[in-house]
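Visitor: Have a look at this one before I ask anything.
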Amino acid sequence: MFKWFKKNKDPLSSEERLKIIEQAAKQVGPGVFYSTIVALVSFLPVFMLTGMEYKLFSPLAWTKTFILLVDAFLAITLAPVLISFFLRGRLKPEHANPVVRGLEYVYKPMLKLCLDWRKTTIAINVIAVIIGGIMLARLGSEFMPPLDEGSILFMPVTLPDVSNSEAKRILQIQDKLIKGVPEVANVMGKAGRANTATDNSPISMIETIILLKPKAEWRKGLTKEDIINELNAKLQIPGTTNGWTQPIINRINMLSTGIRTDVGLKVYGENLDSIYALAQTLRKGLDGIPGIKDLYVEPITGGKYIDIAVKREEIGRYGLSVDDVNATVESALGGMKLTTTIEGRRRFSVNARFGQDFRNNLDAIRHLQVQTMNFGPVPLGAVADISISEGPPMINSENALLRGAVLFNVRDRDLGGTVKEAQQKLDALVKKLPKGYFIEWSGQWENQIRANKTLKLIIPIVLILIFLVLYATYHSFKESILTMITVPVGLVGGVVMVYFYGVNLSVAVAIGFIALFGVATELAMLMTIYLNEAMQNLVRDKGNSKETISTTDLRTYIITGATKRLRPVFMTVSVDLFGLIPILWATGVGSDVMRPITIPLIGGTITTVIFVMFVTPVVLEIAKEQELKRNGKITLIDAHE
């Protein structure tokens, strides 16, 4: 072939060129096919996710799957055809490229050094894996990285018996204080439920959406957390408990778990008073735990009701029935439907009730007139006992059980560590719960537990499938194991990057590690194929016996095979890193989720390349030397079959 390169004209005829292209395609084809299968199998855990994590990450998995399938198809069909058309003329060997020469100049001495110090090289990698495991154990955890929606949702809760006028006054004061912060562009709040049947918010619940100005207009050095802390300090109003979240995630939490904060501790039982007392006890136990913010008990008692108890002896004296009294109460307080008005295609009911001055206090209600047949109008207080009593402002139930809740958000700490510390602190209290009462953790923690269970179940299965693909490639248990050991080393780089970036483990980080499984195995598999091809060349040139193959010959051919893989590895990794690194500096909406996916992938790719280029040849040399000593020959692996 080198004689062809020396010619000034096109050295190859059409038949020779097609034959060489066919041989090259046969050499690369199996590696492309099996590496594509490995990459596809590594993404199976994403397809097994459920809930919001599946909805968020499944488009990414489907997109990559289809791209890989099309890419593999074009690589083994269209690429050889295009090469036959465009790869003509005077071709140069790889070492003629100055970049490749520079890489080989640096790589070969380093590889020889690793081969000379094999035990030290392997020990360094083992120590790296141990350090990575220690770092992994110290990482925090959360369900999903917080997505900056660009706005804030302020959700204070006041007393259950607050009046409409007082709730309106509190809302106006809060809006005025919020608008006084320079970073706030607009603020809009509401008290109670919206005009929809799906909103069951009581009047004591206030929701205020805060739209912020662009970050360029913020005070220097200020973050969103600083703004929330400043607002929280200004809005310490007696009788209200503040809560801070974001509009979209709040709606998702309420729809998926029924909890409007990051974490909720649901208390189930048979009596509302007992549930409320237990919830208060749990709240006291949670108070003071680092990371817990906006802690309060969902109000299930303290609501005010007007009780109107009919005096049956009195209504009998006046010739009235219970229905007569109830009809008066209904029309006076609740309103009675008189007729329906039609405007185009819309219908509106017309109701009538007494004016506000006739029903705004107990004395006024007692003086409401009840019409009798023989005695004229009599006051309602004469035929009924009217009083105010306390009761639940809202009754929540799940699974046919009454439910209360202790709610809190998590800030300045990871979600998993906060909840685990809370569980340890409440463990003694939970064991003493009365019979028929129990608690359940909900909110983002509930989603995190569900996602973790799915990943713990499917990831071992995926690793087994990847191993089977490798075995189908090599037809060798030993070679498959040697390739699989790149996975933990690849994870080390990802763990180190995640640790120093201060990112918590989450589903997004897990997606990055899942993608890393495929990248690490793919690079190791292709390197192993090249090294085994070098072993075939060694056997062809020297024979296959320990008398004809020396350790020097073995090392020489391993270095040659590894060097041959240098340019493809450099090109592949460069393309991957050039596409991933810009995400680290992305600032747009969604970058908060994409960055945790990218960080482990970048770090893991770097350590995987280092392992594949330096440690894999070392391990292969040790394995082949053992084969020569035990069997007297080298076991050859043909991945092209």
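Visitor: Only one of G561, G512, G490 is modelled with pLDDT under 80, assigned to a helix (DSSP H, G or I) and either on the phi < 0 side of the Ramachandran plot or surrounded by fewer than 18 Cβ atoms within 10 Å (Cβ to Cβ) (or both); which?
Guide: After applying the criteria, what remains is G490.
Visitor: From (1) surrounded by 15 or more Cβ atoms within 10 Å (Cβ to Cβ); (2) over 27 Å from G416 (Cβ atoms), pick out the condition that doesn't hold for L113.
Guide: Among (1) surrounded by 15 or more Cβ atoms within 10 Å (Cβ to Cβ); (2) over 27 Å from G416 (Cβ atoms), the lone unmet condition for L113 is (1).
Visitor: Here is a follow-up. Give the residue that is surrounded by the fewest Cβ atoms within 10 Å (Cβ to Cβ), with candidates limited to residues of segment 254-281 that are farther than 16 Å from L401 by Cα and either of a type outside the set (V, I, T) or out of contact with any helix residue (DSSP H, G or I) (no Cβ under 8 Å at 6 or more places or on another chain) (or both).
Guide: The residue in question is L255.
Visitor: Tally time: how many residues in segment 315-335 are outside any loop (DSSP other than H, G, I, E, B) and surrounded by 15 or more Cβ atoms within 10 Å (Cβ to Cβ)? So that I can check it myself, show each step before the final result.
Guide: Of the residues in segment 315-335, the ones outside any loop (DSSP other than H, G, I, E, B) are 315-317, 322-334.
Still in the list and also surrounded by 15 or more Cβ atoms within 10 Å (Cβ to Cβ): 315, 324-325, 328-329, 331-333.
So the answer is 8.
Visitor: Moving on to the next point. Considering segment 233-253 alone, what residues qualify as being open to solvent by 30 Å² or more (accessible area, probe 1.4 Å) and either among the small types (G, A, S) or under 27 Å from G436 (Cβ atoms) (or both)?
Guide: Listed by number, the residues that qualify are A233, G239.
Visitor: With respect to the numbered conditions (1) in contact (Cβ under 8 Å) with a residue 60 or more places away in the chain; (2) under 31 Å from the mean Cα position of the chain (by Cα), which one is the sole condition not fulfilled by L584?
Guide: Answer for L584: the failing condition is (1).
Visitor: Something else now. So which residues in segment 577-615 are of a type outside the set (A, V, I, L, M, F, W, C), crowded, with 17+ Cβ neighbours inside 10 Å and farther than 22 Å from E142 by Cα?
Guide: T605, T607, T608, listed by residue number.
Visitor: Another question about this same structure. Name the residue that is modelled with the lowest pLDDT, counting only residues in segment 351-364 that are surrounded by 10 or more Cβ atoms within 10 Å (Cβ to Cβ) and not in a loop (DSSP other than H, G, I, E, B).
Guide: Looking at residues that are surrounded by 10 or more Cβ atoms within 10 Å (Cβ to Cβ) and not in a loop (DSSP other than H, G, I, E, B), I get F358.
Visitor: Consider segment 35-52. How many of its residues are assigned to a loop (DSSP other than H, G, I, E, B) and either touching a strand residue (DSSP E or B) at 6+ places or on another chain (Cβ under 9 Å) or hydroxyl-bearing (S, T, Y) (or both)?
Guide: First pass over segment 35-52, keeping only residues assigned to a loop (DSSP other than H, G, I, E, B): 43, 49-50.
With the extra rule that they be either touching a strand residue (DSSP E or B) at 6+ places or on another chain (Cβ under 9 Å) or hydroxyl-bearing (S, T, Y) (or both), the set shrinks to 50.
So the count comes out to 1.
Visitor: For segment 547-558, check the following and say yes or no: at least one residue is more than 39 Å from the chain's Cα centre (by Cα) and among the aromatic types (F, W, Y). Quick ask: steps written out before the conclusion?
Guide: Start the filter on segment 547-558 by keeping residues that are more than 39 Å from the chain's Cα centre (by Cα), which leaves 547-558.
Remaining after also requiring among the aromatic types (F, W, Y): 557.
Yes, there is a match, as at least one residue in segment 547-558 is more than 39 Å from the chain's Cα centre (by Cα) and among the aromatic types (F, W, Y).
Visitor: If you don't mind, another one. If we keep just the residues of segment 282-298 that are in contact (Cβ under 8 Å) with a residue 12 or more places away in the chain and open to solvent by 30 Å² or more (accessible area, probe 1.4 Å), which is nearest to N229 (Cα to Cα)?
Guide: K293
Visitor: A further question on this structure: Specify the residue that is farthest from T120 (Cα to Cα); the eligible residues are those in segment 626-641 that are at pLDDT 80 or above and open to solvent by 30 Å² or more (accessible area, probe 1.4 Å).
Guide: Selected residue: R630.
Visitor: Further, regarding this structure: For L538, state whether it is out of contact with any Cys (no Cβ under 9 Å at 6 or more places or on another chain) and free of Cβ contacts under 8 Å to residues at least 12 places away in the same chain. Before the answer, list the steps.
Guide: On the way: out of contact with any Cys (no Cβ under 9 Å at 6 or more places or on another chain): yes; free of Cβ contacts under 8 Å to residues at least 12 places away in the same chain: no.
The answer is no for L538.
The values are calculated or read from the model by the stated rules, or taken from the named source; none is laboratory data. These numbers were taken from a predicted model, which means no experiment stands behind them. Note: ideal-geometry Cβ built from the backbone for every residue, glycine included; neighbour counts use all protein chains shown. The accessibility values were calculated without ligands, DNA or RNA, using every heavy atom of the protein model including side chains. Shrake-Rupley method; radii C 1.70, N 1.55, O 1.52, S 1.80 Å.
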